[in-house]
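The values are calculated or read from the model by the stated rules, or taken from the named source; none is laboratory data. Note that the structure is a prediction, hence the values are computed from the model and not measured. Using ideal geometry, Cβ is built from the backbone for each residue, glycine included, and neighbour counts are taken over all protein chains shown.
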Amino acid sequence: MPATQEPQLRDEVLHFGDLDQLVGILSPGCHAETAARPGVILLNAGVLHRVGPHRLHVRLARTLAMAGFTTLRLDLGGIGDSVSASAATTFRETAVADTRTAMTRLAERHGLRSFVVSGLCAGADNALATALADDRVRGIAVIDPPTYATRAAKLRLVKTRIAEEGPLDALKWGLGVARRVSRERLGRGRSAATEPEAEGRETPPLATYAAQMLQVRARGAAIFAVFSGAHRERYNHADQIFEVIPALRGQIARAYFPEANHTFTELAAQSALVTAVTGWCVREFR
């Protein structure tokens, strides 16, 4: 499929929730086995509209539908066209409540019994939180979930710098990084495990995140972890997730796109991501 071409489908606008306050766009599955497959719910990337960064969710939803997965592009309460009406006290709690409401609506009106929940950045965090709260989630595809620096990753980054810029410039860069890290630790009193990421997102302690991922796997839900090349020492190797959480090796699928930025801006990167997520869904939920 050319990078700019999208499958042609008849999308549907859905309103749901007690006050019809939530809005989503449904791409019905186009396959004989659609009814037996889980539905897919795509969550907002941060506070971006349901179309996703650079229309990523539109392309992904329609490709998944062509592969046989009924897919909902959801606006959580307070984002896009959805109104916030949840009594939850935090954004995470509201996101989980709204996603569960969407699952119930799709079960009642479209006969879907289980779901794959996917999201990028904060959407990945909300997907994991929903899987922890609701057994109807059979799988999660988390795109740029929390990342953690490792000693091996730092060494890989230094080697790359030396190869690209020479040893002297690499040394200057390394000293600058060390000074910055020291200032941040003194100023904030935080360890590297809880260092905030870009866009104001805060990474949970590694022990907490590892326990959550393993809990989702322990109940049989599938996990696909996808990483862009935007993380420097926090993620710069396809298998870094297993360096960080060794118990996940052999338990989850993973993909790494070193040339992609955080929002998969370029069409080639988008196409690769859409292909990877769709392929995982087809393999995992035949």
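As a summary of the residue check, LEU14 satisfies the conditions (1) farther than 30 Å from ALA87 by Cα; (2) surrounded by 15 or more Cβ atoms within 10 Å (Cβ to Cβ) except for the one numbered (1).
Let's see how each residue does on (1) outside any strand (DSSP E or B); (2) farther than 14 Å from LEU14 by Cβ; (3) small (Gly, Ala, Ser); (4) in contact (Cβ under 8 Å) with a residue 60 or more places away in the chain:
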site	(1), (2), (3), (4)
ASN44	yes, yes, no, yes
LEU60	yes, yes, no, yes
GLY68	yes, yes, yes, yes
LEU72	no, no, no, no
ARG92	yes, yes, no, no
ASP98	yes, no, no, yes
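Counting only residues that are over 20 Å from PHE285 (Cβ atoms) and within 18 Å of the chain's Cα centre (by Cα), the range 101-122 holds 3 of them. Evaluating ARG105 against the criteria (1) closer than 25 Å to ALA276 by Cβ; (2) touching a Phe, Trp or Tyr at 6+ places or on another chain (Cβ under 7 Å); (3) of a type in the set (Lys, Arg) leaves one unmet condition, (1). Tell me, yes or no, whether the range 113-122 has at least one residue that is part of a helix (DSSP H, G or I) and touching a Lys or Arg at 6+ places or on another chain (Cβ under 9 Å). There is at least one residue in the range 113-122 that is part of a helix (DSSP H, G or I) and touching a Lys or Arg at 6+ places or on another chain (Cβ under 9 Å).
Within the set ALA163, ALA152, ALA129, the sole residue that is small (Gly, Ala, Ser), part of a helix (DSSP H, G or I), closer than 30 Å to GLN270 by Cβ and at pLDDT 95 or above turns out to be ALA129. Residues that are more than 17 Å from GLU12 (Cβ to Cβ) and either of a type in the set (Gly, Ala, Ser) or in contact (Cβ under 8 Å) with a residue 12 or more places away in the chain (or both) within the range 76-90 comprise LEU76, GLY77, GLY78, ILE79, VAL83, SER84, ALA85, SER86, ALA87, ALA88, listed in sequence order. So which residues in the range 50-78 are of a type in the set (Val, Ile, Thr) and buried (at least 22 other Cβ atoms within 10 Å of the Cβ), if there are any at all? If the condition is that a residue be of a type in the set (Val, Ile, Thr) and buried (at least 22 other Cβ atoms within 10 Å of the Cβ), then THR63, THR70, THR71 are the ones that fit. What number of residues within the range 189-243 satisfy the criterion of being at pLDDT 95 or above and of a type in the set (S, T, N, Q)? Count: 5. Scanning the range 129-143 for residues that are buried (at least 24 other Cβ atoms within 10 Å of the Cβ) and either among the aliphatic types (A, V, I, L, M) or not assigned by TED's automatic domain parsing to the domain that holds ALA253 (or both) yields a count of 6. Based on this model, can you work out whether ASN261 counts as exposed (fewer than 15 other Cβ atoms within 10 Å of the Cβ) and on the phi < 0 side of the Ramachandran plot? Spelling it out, ASN261 is indeed exposed (fewer than 15 other Cβ atoms within 10 Å of the Cβ) and on the phi < 0 side of the Ramachandran plot.
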